[in-house]
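Undergrad: Quick one: this structure, given as structure tokens, is what I'll be asking you about.
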């Protein structure tokens, strides 16, 4: 702190003034309070990250639109973060096309399956835009798993995907592999 010198008006001797030194004390408590109020105001009012939304296209009720078996991946989401997949549609699942377990891993699981199918389709006439992913969440599936699957569609730039209810076969398969 700086010392402030103040002259006093009384004289001890003629012609000589006596100086007294006073220490100045400043209370910083109100300044600290103001600082914390400003910080809390800006933390509350500042938008840290703007939430982003994604377009979700649901199929219309009515007659199903067929998709080519060679261009379709069906993903079953079960309980306990379980995923299964097969190529094609439900009527060929387990008969012509085996139902395989799937992990969430990007390099060996869901990311690998989608990437491989896209590479296969790159050599066809329509290209990777022809890929159709059918997502079927079961009764035991968590909402988080569905959101993660939709994130995978964005990551791999899958333009054709749909979320539908599992059919009878798929529901039975998910029920029988609930604890698998």
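Undergrad: First check a/c for region 69-170, with a ≥ b ≥ c the square roots of the eigenvalues of its C-alpha gyration tensor; if it is under 1.5, answer rounded, and if not, answer prolate when a/b is larger than b/c or oblate otherwise.
TA: Taking the square roots of the gyration eigenvalues as a ≥ b ≥ c, region 69-170 is oblate.
Undergrad: If I model a spin label at residue 162 and residue 123 as a point 7 Å from the Cα along the Cα→Cβ vector, what separation in nanometres do I get?
TA: According to this spin-label approximation, the distance is 2.8 nm.
Undergrad: With a/c under 1.5 counting as rounded, go ahead and sort region 81-122 into rounded, prolate or oblate using the C-alpha gyration tensor (a ≥ b ≥ c being the square roots of the eigenvalues; past the cut-off, prolate if a/b is larger than b/c, else oblate).
TA: Here region 81-122 falls in the oblate category.
Undergrad: Please give the Cα centre distance for region 141-180 versus region 88-115, rounded to the nearest Å.
TA: Region 141-180 and region 88-115 have Cα centres spaced 11 Å from each other.
Undergrad: Could I ask something else about it? Say each of residue 150 and residue 46 gets a label point 7 Å from the Cα, pointing the same way as Cα to Cβ; how far apart are those two points in nm?
TA: That separation, rounded to one decimal, is 2.9 nm.
Undergrad: When ranked by the protection proxy of mean other Cβ atoms within 10 Å per residue, highest first, what sequence do the peptides 157-169, 84-96, 19-31 form?
TA: For the peptides 157-169, 84-96, 19-31, the packing ranking is 84-96, 157-169, 19-31.
Undergrad: Testing the spin-label approximation: label points 7 Å from Cα along Cα→Cβ at residue 19 and residue 36. State their distance in nm.
TA: Each label point lies 7 Å from its Cα, and together they span 4.1 nm.
Read-outs: derived from the displayed coordinates by stated rules, not from any lab. Predicted model, so just to flag it, every value in this text is computed and none were measured. Counting neighbours? That spans all protein chains shown, and the Cβs are built from the backbone with ideal geometry, glycine included.
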